[in-house]
Structures are given as C-alpha cells and as structure tokens.
Amino acid sequence: MIGVIVTLRSDAGLDRSAVAAIAEQAVPMFEGMPNLRSKVFTFDPESGTATNVYVWESEDAARAFFSPELTELVTNLYGVAPEIRFVEIAALVNNGVTAPA
C-alpha cells in the first residue's frame, strides 16, 4: 500500500465553503474507484489549508492517477498548485466506520 498526501494552501487561506463544495462534488468520483482503498478530504480552519489523504493498493496505481492533467485540474479547482507527497504506509487501521458528512 501507498499513501498520497495532497496539500493545498495559499497565503490568504482557502475558503472553507469552496473546499467543502469541491469535496462534496468529488465524492462520487472516488466511490468504488479501482485500487483506491480510501480517501479523506480535510480542511484546517486555522490555516485555511486543505489536505487530502489517499490510500492506494499500489504505487503504480497512485502514480498513474496523479498525472500532470490531474495536477492541472486540481490547480484550477482550488486556485493553487497542490503539493503531492507519496509515502509508505507502515500500518492501516480500518474499523469499517463511515465518518459523518
């Protein structure tokens, strides 16, 4: 498994309602996506930073998803370029509980 941490930040901070709307509209695209185990959309109100965390079955699947075209799409959606980091997952706990919307 591989994790991908995508951070979106700007000096002025992102707008919470805009970030929430983008996340809500994107959820259906990720439901049932092959090789994607989970995705979390987050927003930090103190810094105005959005961070999305993905867990992929393989590094190949993760790297194939994060194409230059996707990076351009994300940049256009949020108005800032994403910082994308690939990380090894040492362990994953999944209690089968869905977070409330």
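As an exercise: evaluate residue 77 against (1) open to solvent by 80 Å² or more (accessible area, probe 1.4 Å); (2) in a helix (DSSP H, G or I); (3) at pLDDT 95 or above; (4) not polar (S, T, N, Q) and give the number of the one condition it does not meet.
Unmet for residue 77, out of (1) open to solvent by 80 Å² or more (accessible area, probe 1.4 Å); (2) in a helix (DSSP H, G or I); (3) at pLDDT 95 or above; (4) not polar (S, T, N, Q): (3).
Tell me which residues, restricted to the stretch 1-24, are open to solvent by 30 Å² or more (accessible area, probe 1.4 Å), farther than 15 Å from residue 76 by Cα and modelled with pLDDT of 95 or more.
5, 16, 17, 20, 24
Residue by residue through the stretch 82-98, note down the ones that are in contact (Cβ under 8 Å) with a residue 24 or more places away in the chain and open to solvent by 70 Å² or more (accessible area, probe 1.4 Å).
Once the filter is applied, which keeps residues that are in contact (Cβ under 8 Å) with a residue 24 or more places away in the chain and open to solvent by 70 Å² or more (accessible area, probe 1.4 Å), the stretch 82-98 yields 83, 85, 88, 92, 94.
Return a yes/no flag: does the stretch 52-73 have any residue that is over 17 Å from residue 1 (Cβ atoms), surrounded by 15 or more Cβ atoms within 10 Å (Cβ to Cβ) and within 14 Å of the chain's Cα centre (by Cα).
No, there is no match, as no residue in the stretch 52-73 is over 17 Å from residue 1 (Cβ atoms), surrounded by 15 or more Cβ atoms within 10 Å (Cβ to Cβ) and within 14 Å of the chain's Cα centre (by Cα).
Would you check if there is a residue in the stretch 31-40 being surrounded by 12 or more Cβ atoms within 10 Å (Cβ to Cβ) and in contact with a Leu (Cβ under 8 Å, 6 or more places away or on another chain)?
Within the stretch 31-40, one or more residues are surrounded by 12 or more Cβ atoms within 10 Å (Cβ to Cβ) and in contact with a Leu (Cβ under 8 Å, 6 or more places away or on another chain).
Write out, first by first residue and then by second, each pair whose Cβ atoms fall under 8 Å of each other, whose residues are 6+ apart or on separate chains, and whose first residue, in the stretch 50-74, is more than 15 Å from residue 37 (Cα to Cα) while the second is assigned to a helix (DSSP H, G or I).
So the pair list comes out as 50/19; 50/78.
The values are calculated or read from the model by the stated rules, or taken from the named source; none is laboratory data. What you see is a predicted model, and the numbers here were worked out from it, not measured in a lab. Every residue, glycine as well, gets a Cβ built from its backbone with ideal geometry; the counts of neighbours run over all protein chains shown. Please note that ligands, DNA and RNA were not included when accessible areas were found on the heavy atoms of the full protein model with its side chains. Shrake-Rupley method; radii C 1.70, N 1.55, O 1.52, S 1.80 Å.
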